[in-house]
Amino acid sequence: MSDDSERVSDRVSRRKFLMTSGLVGAAGLAGCSGQSGGDGGSSGDGGDGGSDDTATPTEAEASGDGGSGNGGSSTSLLTAEGSSTVYPISNKGSSYWNSNAPPSDGEYWGSNSEGSVPGWSEIETDMLLADYFAQQFGFEPTEQRSSPPFPTTVGLSHSGTGCQAVVDGLVDIGNSSGPITAELDWSEEKANNTVVDHVVGRDGQPVVVSNDVIDAGIDQLTGEQVRAIFQGEVGNWSELDGIDYDQEIFVIGRAEGSGTDTAFRLNMLGDADAPMEVDTRQGQNQQVAQLVSQNEGAIAYMALAFTSESVIPIAIDFEGTVYEPSKDAENTIFDSAYPLNRDLHMYTLIEEGNPGGGGTGPREAAFLNMFLTTFGQVVFVEQNNYIPLPTKDIQAEKEKLSDLMA
Amino acid sequence: MAGATQSQLVEQETSGTDAVAAAAVGVSAILFVLSILALFERITLTDPIAGLPTVTLLGGLLVVLGGTVMGFGVGSRLGYVETDPSTSAGLIASFAAAVPWFVVGGGVASETLGLGAAGGLVAGLLTGGLAFVATALPREDLGSTVPIGALPVLTGLVFLTGTIGPGWIWNLGWEQPASFTAEFVVPTVTLFNALFAGWAAAKAYGGFGARGRHMGAYTLVYLNALSIVAFLFILVAFVVVQGIPGVLTGVQVGAGVGPESTIFGLTFSWPISVPFVMNGVALLNDYQGVLPAIVGTFWLVVGAVLFAVPLGVGAAIFLTEYAERGRFTQIVEIATNGLWSTPSIVFGLFGFAFLVPRFGNQKSLLAGMLTLGFMLLPLVVITSREAMIAVPDEYRDASAALGVSRWQTIRSVVLPAALPGVVTGVILGVGRIAGETAPILLTMAGGTFVPGGQTVDVVGGFQFTATPPFVANPELLQATSALPYQLFALITAGVGLGQNVADPDGFRWATALVLLIVVLSFYAIGIGTRYYFRRQLRHE
Amino acid sequence: MASVTESEGTGLGGATRRQIQRVRDFADDTEPAALVTVTVMAIALLAAFVGFLLVSSLTIVPFAVFLLAAGYGWLRHQGPTAQVLTLTMTVSTLLILGLIIVFIFIEAVPVIRYESATVFGVSVPGLRMFIETRWDAVSDPVRYSMVPMIHGTLLVTVIATAVAAPLGVAAALFLSEIAPATVRELVKPGVEILAGIPSIVYGFIGFTVLAPWASDQFDLTGQGTYLFVGVVVGLMALPTVVSVAEDALSSVPESMKSGSLAMGTTDWQTMTSITLPAAFSGVSAAVLLGVGRAIGETMAATVMLRGVPRLTDPLVNVFYGQETLTSLIARNYGEADGLQMDALFAAGVILFITVLVISIGSQYIEWRMRRTLGGEV
């Protein structure tokens, strides 16, 4: 009997030991989790209750009330979401902004003995990156690396989702590679009354093919041929006139809510609702790029930022004019005359809380303004292989933000 | 003692014929391995092995194998080999012989002879029927070796004569084109031949009859089990090998290299720094990492456990202790089992339709926690019930005899005794939900390439507000990332890694490896605790 | 005093009477203070739940009342409080299932109404989803047919079952009958760990390694096949089949097996003629559960399939993988809205019903098995 009770007491004490160690571990972890991760110790989200969307486990919320608290110079997280085409621009900008690099850096901001960033001559400031742009709209500089006046984050989904999210007030900026009128099926008037359209760059939407197609000598197609391929009328490369390559065509499309898909239907097939027959649909440009490089006989439409040496844009002959993929030709896919050329939009919501009842809050304005400088156009737009805006368009965009400048 | 005969009770020495049969099994094993290697493209059909073209080598081995098997059967029939066959090979063996011959006959007729699908079907039935009869009618030693042995002989001859060579291709002529290429057909056909002939050879080794069938079946079953384990091993090893370089980029070991943390007022820095799990994705990082996703997974699991375990254990207590077995308990059982089999995407849809509108109409960590809690709940109920039912009634009776009330009995006798089972079940359940992507896709998916500073900070986020509700935590309402979602996002959209990541592919594999480590460690702990508690129980 | 007569009527009337009797007994047995506390607790919880359902911001009030009442009851009258609390928890599991059914159905109603077809002059809602085979969410005429997805799910499930059932039952046989103890200790955890590998990891390996390889082997246009998605899903369903079948095989009474062996049969003969037939129901339940798991598999399918809902050409073409019910939802949730979103819910409804039917079926089979084997388990 004593054996049993001893064993029982052993078990009880073991259980107690387990429980206490569990509690100790939890307490320690709670202490630990109060710290942030590896870079610079900023807790990053400034959660000062500015946003109205708060709850406890069984609390309920009036839907749609999640206003992002733009009033005044709130320093809460600036959220953007939407198109995977605009994402490279937006995300690169966001990561530069969050880094708040000092001017001594030379690689991301400012200049030093090793080099300087593009467009630095127009800026020439002592302030850190985000501090400089934010202070133009009334924010206090933090003077701390990796700790901007307000942090930013960019989500990745589709143009349609981004448009819907910004209209519903769930994010501050909606990225879209198709016009909101086509994405959400709105009239121009409604769009103008609800959102403000900030264009930050242009995409010459290329049609790309895989390596083996180029090797077979196909580096140019007519608009009519492309249309026939994407509407399922042609199944094999050899069925096209003048082409002698016997290979089934692997037609890759984008998801049906993406701006790239909408813009392609609009510009190439004539109507945003035009029927298309493809072999596979992918959600983002990156997947399309991967499929094109992994398969043979592939053709797809995507965005300029994702071309590479295994994903090659071809020249398109639209009614006599041949638009070449290289920048030095007479007519290129980088021209605005190229029928598939499209604006890249960052939409903001017109809200009463914004200064002057306008369409942009101060945080969005500070962030967007960064893209409209030479620095921004070169680093974020051009270095992603997109088309920077001509000067007069930049001026027009800056007009939309001038009211808010401090 | 008159007429005492000496009968051999035990066969101890391996006679020459046994060695032949064993050799046949050995050859089939070699062919099995070779065909697997060929499928994985470790050996190709064009490069020669040991000086011989691959197809010729395979063909030769196949002929040898088939010949040996057939020879053994014939030898046994003619009495040269000591075996113990039954009168017929049986239905199963006949069926097993008929199927491959049906395929062969049908394929040859419809393609080589060009008779089309109908002709192929008829011819296939003919050859299959012939094989069936040839297996069932003669004595077992002939029936189970000759038809099956003829198969590798035929295949081997086809390979040796070059009828199917490295350039062979059979276009199926479908609208969505597909063809059988030699790279696929040769290894696969070899594989199946090796399996069939190996089975027949094992039967032969066992001397046919009941013992022979026993040997044959055991060979296949052992092979099956070992392949499953080997598959698991190869899978995990593959992910580890691909992922380790990514996880270990920038690792530093030494005093003071890691991040700082404060426990009980003491600040110290960890002596090891693994950037992949300690950083987020930020421009000024030397190395990028997946810390926000790891933290997200951690909080998801904590929230789901806090929600599901009390609920599930409470329900199990009621079902086993308070309720009487009847309609109600049956309905709850059916409901729980149904809930447990529900696909994870349906839980995601439910979370999207039910939870998301109630938490600010946007994706949030809380919605993800609750959805995963719903998924964990049925498992907790089922395991807790089993654990509590397993507690012997004597415990409860003894407690009642002492005058203890029912609830007290449950609290101090049943629950502690059932605790090991419950804990094990919870850990295994956590392992399952930690790896789920679909539910969090619709309820929680947030930014995937966020800097470490933007990691969700639940504990520090609690605050009081003046309006109802009076407690708030904006952190819980943020859409965050979690490890499985991170991997999904990386597969579908590798962008965002920027130029800082030298090897995006390695980053992906490293994320997969971290996810695998997290999930498998839960499973390992769960299995370990179950083993530990079972040993405890056995010592009682 | 209160007496419960079991034989007092069967069926719904009798059951209700028994329940009411039980409640009355409970009320009689507990002191008034405790009774009041638990009643307040129950009502507060109900009110909180209703408030949560109605998306009201006042939900915190009844919830706070519930917490207070529960706390007080726990301190003073633990027994009855515990009983009522655990009852509510049990009810909540039923409630969750009910909520899932309700909410998913509600969301799917608009598209079911949209996709109605007329049969003999009667408009049947939802019928067109199963008759026409075209899915197009953008161009006219907009159609949300489920047929291509059902076809895909069917093909994948058949292939997965063909992989998981024989291999799984054989492995279960191995684990419960054949393996020596040390081997069993190695293989069983191995199979369980196989169950633990997340499906997204399978999907990742399938997308980067398996799909391009398959595209080469079969000379396909592009990558994405039902065949290999089926194989991967089968490997994922394998551990489920193994564990449930192994339970069933182990529960065959030892006496049956020993009796057979005593007559001089080999182990294998015992297995095939005694154990397997006796455990047949359990093994088939295991296979059914594996099938259910295969049907519900999402992430591996989403990553490896092509994402264009259409029937393959010809129908048995397993070398082209288009879309299953699960991958449709996972792929389109992001940009679907309006009717397209409701169509995703309709796919969810089909999935849910199918798996529920399979689950109930396998439970019924297991229940029958327990009855047949009598009290020897």
For a test of the definition: using alpha carbon positions, the gyration tensor, and the 1.5 limit on a/c, classify chain C as rounded, prolate or oblate.
oblate
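Could you give the length gained on full extension between B:Asn171 and B:Phe464, defined as 0.36 nm per residue of separation minus the Cα-Cα distance, in nm?
Computed gain between B:Asn171 and B:Phe464 is 98.5 nm.
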Taking chain C as a Gaussian network, Cα atoms linked when under 10 Å apart, which of C:Ala48, C:Ala108, C:Ala214 shows the biggest mean-square fluctuation?
C:Ala48
Pairwise centroid distance, computed over Cα atoms, of region A:214-289 with region C:159-231, Å:
36
Under Karplus coefficients 6.51, -1.76 and 1.60, residue-wise ³J(HN,Hα) of region C:163-171 in Hz, glycine/proline x:
7, 6, 5, x, 4, x, 5, 4, 5
Residues meeting the amide H criterion for A:Leu78 (H placed from the backbone, H to H distance under 5 Å, 5 or more places apart or on another chain) are A:Thr152, A:Thr153
HN-Hα J in Hz across region B:308-321 - Karplus 6.51, -1.76, 1.60, θ = phi - 60°, x for Gly and Pro:
7, 5, x, 4, x, 5, x, 4, 5, 4, 4, 5, 8, 9
As I understand it, the dipole of the protein assembly as shown uses +1 on the Cβ of Lys and Arg and -1 on the Cβ of Asp and Glu, about the Cα centre. Which of A:Gly138, A:Ala80, C:Phe352 lies farthest toward its positive end?
C:Phe352
Would you mind finding the longest exposed-site-free stretch of chain B, with exposed trypsin sites (Lys or Arg not before Pro) meaning DSSP loop and at most 10 other Cβ atoms within 10 Å?
B:43-324
³J(HN,Hα) across region B:439-444 via Karplus (A = 6.51, B = -1.76, C = 1.60, θ = phi - 60°), whole Hz, x for Gly/Pro?
x, 7, 4, 8, 10, 9
For B:Arg535 and B:Val251, calculate 0.36 nm times their separation in residues minus their Cα-Cα distance, and state this gained length in nm to one decimal.
98.3 nm
Just going by the charge dipole of region C:146-376, with Lys and Arg at +1 and Asp and Glu at -1 on Cβ, which of C:Phe319, C:Gly296, C:Leu227 is farthest out on the positive end?
C:Gly296
Going through the cross-link list A:Lys327/A:Lys392; A:Lys190/A:Lys400; A:Lys327/A:Lys400; A:Lys92/B:Lys363, which pairs have a Cα-Cα distance over 26 Å in this structure?
A:Lys327/A:Lys400
At q = 0.16 Å⁻¹, what is the log10 ratio I(q)/I(0) for region A:207-339, with the Debye formula run over Cα points and no solvent?
-0.77
Can you figure out the FRET efficiency of A:Glu189 with A:Gln395, using R₀ = 22 Å and their beta-carbon distance, to the nearest 0.05?
0.30
Work out Dmax and Rg for region B:284-537 from the C-alpha atoms and quote the Rg first, both in angstrom.
21.1, 73
Put +1 on the Cβ of each Lys and Arg and -1 on the Cβ of each Asp and Glu in the protein assembly as shown; which of B:Phe488, A:Val234, A:Asn98 then has its Cα farthest toward the positive end of the dipole?
B:Phe488
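With +1 on each Lys and Arg Cβ and -1 on each Asp and Glu Cβ, how big is the dipole of region A:222-279 about its Cα centre, in debye rounded to the nearest 20?
Its charge dipole is roughly 300 debye.
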Might you report the magnitude of the Cβ-based charge dipole of region A:68-178 about its Cα centre, with Lys and Arg at +1 and Asp and Glu at -1, to the nearest 20 debye?
340
Around A:Thr222, which amide H atoms from residues at least 5 apart in sequence, or from another chain, sit under 5 Å from its own amide H, with H modelled in the peptide plane?
A:Asp317
Here, C:Thr118 and A:Asp271, labelled 7 Å along Cα→Cβ, have an inter-label distance in nm of 2.5
Of the beta bridges DSSP finds with both residues in the protein assembly as shown, what % are antiparallel, to the nearest 5?
70
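Please work out how much length the chain gains when fully extended from B:Ile244 to B:Arg325, using 0.36 nm per residue of separation minus the C-alpha to C-alpha distance, in nm with one decimal.
Using 0.36 nm per residue and subtracting the Cα-Cα distance, I get 23.9 nm.
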Between B:Asp503 and B:Leu160, what is the FRET efficiency for a Förster distance of 41 Å, r being their Cβ-Cβ separation, to the nearest 0.05?
0.35
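Once you charge only the Cβ atoms, +1 for Lys and Arg and -1 for Asp and Glu, what is the size of the charge dipole of region B:104-253 about its Cα centre, to the nearest 20 debye? Kindly include the intermediate steps, with their values, before the conclusion.
On the way: 4 positive and 5 negative charges, 96 e Å.
My answer is approximately 460 debye.
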Name the residues whose placed amide hydrogens come within less than 5 Å of the amide hydrogen of A:Gln282, ignoring near sequence neighbours (fewer than 5 apart) on the same chain.
A:Gly253, A:Arg254, A:Ala255
Fluctuation leader among C:Val122, C:Val233, C:Val242 - chain C, Gaussian network, Cα springs under 10 angstrom:
C:Val122
Given points 7 Å out from each Cα along the Cα-Cβ axis, report the B:Asp397 to A:Glu309 separation in nanometres with one decimal.
8.2
Here the FRET efficiency for C:Arg370 versus C:Asp28, based on Cβ atoms and R0 = 35 Å and rounded to 0.05, is 0.45
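Bear in mind these aren't lab numbers, they're just calculated from the coordinates by the rules spelled out. Predicted model only: the values in this text are computed from it and were never measured. Cβ atoms come from the backbone with ideal geometry, glycine included; neighbour counts cover every protein chain shown.
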